[in-house]
Structure formats: structure tokens, C-alpha cells
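Enquirer: Dropping the structure in here first, questions after.
Values in this text are rule-based calculations from the coordinates and carry no lab data. Keep in mind that what you see is a predicted model, and the values were worked out from it rather than measured. When we count neighbours, we look across all protein chains shown, and the Cβ atoms used for this are built from the backbone with ideal geometry, even at glycine.
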Amino acid sequence: MGINIPTKEELIANKPEFQDIAGYIGADSVQTLTVEGLVSAVQEGITSLQKDKMISSSNKSGEEWATALPA
């Protein structure tokens, strides 16, 4: 088991016939992210989830951990 990640050759953005990717997928525009931008977005999302959907729990020994609230 694992994640099936396409090779560079299989990516739609690498195909010359898809120069208008936005039009192909019905979007107004398509923007790219730098690796740093992707990392930052994921970190912000995790922080937001922790604030919005996580609660602190503890056991009789006083050990604490975060537990996700049901959706």
C-alpha cells in the first residue's frame, strides 16, 4: 500500500496540450505555489484545525494529549 504519485511526465501541467489548464478545468486562473508556500499553507491549516477542532484531554496521571472533536 502507499500513495500513487504521478511521475513528472504524467502530470497535466507538464503536457504541452494543456497550456490552458485553467480553461480545461473550468477555472478563471491557475497559480503555482513554491515549496515554501505549500509548507506555510499546510502549517497554517494545521494550526487552524488545532484551534478550532481540538480539545485537550488528560488521564488520571495528568498526562495530556489533543483529541479531535467529531465533525
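Enquirer: Could you tell me how many of the residues in the range 28-52 are outside any helix (DSSP H, G or I) and either among the β-branched types (Val, Ile, Thr) or touching a residue at least 40 places away in the same chain (Cβ under 8 Å) (or both)?
Expert: So the count comes out to 3.
Enquirer: Tally the residues that are part of a loop (DSSP other than H, G, I, E, B) and in contact with a Lys or Arg (Cβ under 9 Å, 6 or more places away or on another chain), restricting the search to the range 1-27.
Expert: Matching residues across the range 1-27 total 0.
Enquirer: Let me ask something additional. What's the total number of residues in the range 2-43 that are surrounded by fewer than 10 Cβ atoms within 10 Å (Cβ to Cβ) and either at positive phi or among the small types (Gly, Ala, Ser) (or both)?
Expert: Of the residues in that region, 3 qualify.
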